[in-house]
Amino acid sequence: MTDTPADDFKPDFRSDVTVELVKHSASDADVLFAARVSTLGEQSLDELHKDPERSKGLINYLMRDRHGSPFEHNSMTFFISAPIFVFREFMRHRVGWSYNEESGRYRELQPVFYVPDESRKLVQEGRPGKYRFVEGTQGQQELVGRVMQDSYRHAYDAYREMLAAGVAREVARSVLPVGLYSSMYATCNARSLMHFLGLRTQHELAKVPSFPQREIEMVGEKMEAEWAKLMPLTYAAFNANGRVAP
């Protein structure tokens, strides 16, 4: 509960997402030792350095022929800040993922809200499954900014008013919109991340077309950049084989 007047808050309007790799145990060597146990038994994690070209070829073979389990023997944990609607899409990915999100039941949620900037295409053309987004007009951009900000202020006013009256956080939060920013830890392995990227990013090398919402694609792009540095051979094989998860 708070005794701060409901109109005394200063909302923060953002158009970005943030992704931080907070910890990991992930390398191309993890794929190699897991794959080679099938024929060679226990192996050292330094196998990658003994024959780099052979290692590269094995990883590409595993990706190409979709032998997926060796890509699961690693872990990456990201701290992500994004609008709530991004997380609702994110959590449709369940296999190989673990999530912990901040809770509006236990803490007062801060007035940080998503308003798209001018780079966000606003107009959808075509039918579902075969559509594209195009630039909006200046008038549409101004309308979106004004209406969103007004709506957010009104919703947060109502939220703070209920908190000040002693209403429980878990009840008061019901008035807050999905454009509110939240944060979470998300842990995955390379195989589950590849599946996510195949669906949530558009890429010229992808064999299977995808039509992600731009905001979750922004998260995916940042996660992809971190993963590419950790597992460059696996990442190269993913791209070389059409960005289809094994």
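The values are calculated or read from the model by the stated rules, or taken from the named source; none is laboratory data. Keep in mind the model is a prediction, meaning the values are calculated, not measured. Please note: Cβ atoms are built from the backbone with ideal geometry, for glycine as well, and neighbour counts cover all protein chains shown.
Annotations for the structure displayed:
Every residue, every condition in (1) in contact with a helix residue (DSSP H, G or I) (Cβ under 6 Å, 6 or more places away or on another chain); (2) among the aromatic types (Phe, Trp, Tyr); (3) within 30 Å of Val22 (Cα to Cα), yes or no:
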site: Phe87; (1), (2), (3): no, yes, yes
site: Met91; (1), (2), (3): no, no, yes
site: Ser98; (1), (2), (3): no, no, yes
site: Glu102; (1), (2), (3): no, no, yes
site: Glu108; (1), (2), (3): no, no, yes
site: Leu122; (1), (2), (3): yes, no, no
site: Gly126; (1), (2), (3): no, no, no
site: Val147; (1), (2), (3): no, no, no
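- A search for C-beta distances below 8 Å between a residue of region 157-177 that is closer than 12 Å to Pro111 by Cβ and any residue that is among the aromatic types (Phe, Trp, Tyr) and surrounded by 17 or more Cβ atoms within 10 Å (Cβ to Cβ), counting only pairs 6+ apart in sequence or on different chains, returns Leu176/Tyr156; Leu176/Tyr159; Pro177/Phe113; Pro177/Tyr152.
- Restricting attention to region 185-202, the residues being under 15 Å from Met218 (Cβ atoms) and either of a type in the set (A, V, I, L, M, F, W, C) or within 12 Å of the chain's Cα centre (by Cα) (or both) number 6.
- Residues of region 174-210 that turn out to be touching a helix residue (DSSP H, G or I) at 6+ places or on another chain (Cβ under 7 Å) and more than 30 Å from Ala26 (Cβ to Cβ), as a count: 6
- Selection within region 5-26: residues that are over 15 Å from Tyr114 (Cβ atoms) and among the small types (Gly, Ala, Ser). The member of this set that is modelled with the lowest pLDDT is Ala6.
- Residue within region 92-109 that is of a type in the set (Lys, Arg) and either surrounded by 14 or more Cβ atoms within 10 Å (Cβ to Cβ) or farther than 21 Å from Pro212 by Cβ (or both) present: yes
- Residue that is modelled with pLDDT of 95 or more and surrounded by fewer than 18 Cβ atoms within 10 Å (Cβ to Cβ), where the choices are Ala245, Ala190, Ala228: Ala228
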